[in-house]
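Data first, discussion second: the structure below is written as structure tokens.
The numbers here are math on the coordinates, done by the rules we state, and not lab data. Owing to the predicted nature of the structure, the values given are computational and were not obtained by experimental measurement. Please note: Cβ atoms are built from the backbone with ideal geometry, for glycine as well, and neighbour counts cover all protein chains shown.
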Amino acid sequence: MTIMRLWHGEVAIEKADDYQKFMLEKAAPDYGSVEGLIKLYFQRKDEEKKAHFLLVTLWDSIDSVKKFAGDNPEIAKYYPEDEIFLLEKEKHVSMYEVFYEK
């Protein structure tokens with residue numbers, strides 16, 4: 001069964017372009033290296049003082065998610081560079097079983 005995993009982070013607006021570049025150069029290849037990743041969406045929404053980043057991934061199974069995130073896949077995975085950018089680190093991600101897709 002396909003699993004959708006969602007992560008959200010907030011970055012000060014003046015760091016948002018650099019964070020986006022980091023996500024494309026480091027995070028995207030890391031996600032892409034994991035067998036079982038079906039689709040990856042990196043999204044950004046700017047506000048006056050901060051930017052929201054939403055990562056949506058589709059995986060072929062919970063086992064594939066665990067290959068990326070570890071044995072407790074509802075705990076968010078962070079990179080050392082996230083300390084520089086993120087306003088706070090949310091502990092959990094949201095995960096859903098996809099029961100219909102067109």
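Loop-located GluC sites (Glu not before Pro) in the stretch 47-102 (DSSP state not H, G, I, E or B) with no more than 16 neighbouring Cβ atoms inside 10 Å: E47, E48, E74, E81, E88, E90, E101. Note on the stretch 15-102: with charges restricted to the Cβ of Lys and Arg (+1) and Asp and Glu (-1), its dipole about the Cα centre is near 140 debye.
Would you compute, from DSSP H runs of 4+ residues alone, the mean residue ellipticity of the chain at 222 nm, taking -39500 (n - 2.57) per run and dividing by the full residue count, rounded to the nearest 500?
Helix-only estimate at 222 nm: -5500 deg cm²/dmol.
Projecting the Cα atoms of W7, L37, A27 onto the charge dipole of the stretch 3-97, computed from C-beta unit charges around the Cα centre, puts L37 farthest toward the positive end.
Relative contact order for the stretch 3-97 using alpha-carbon pairs under 8 Å, separation at least 6, rounded to a whole percent?
Details: 152 pairs, mean separation 41.4, N = 95.
Contact order relative to length: 44 percent.
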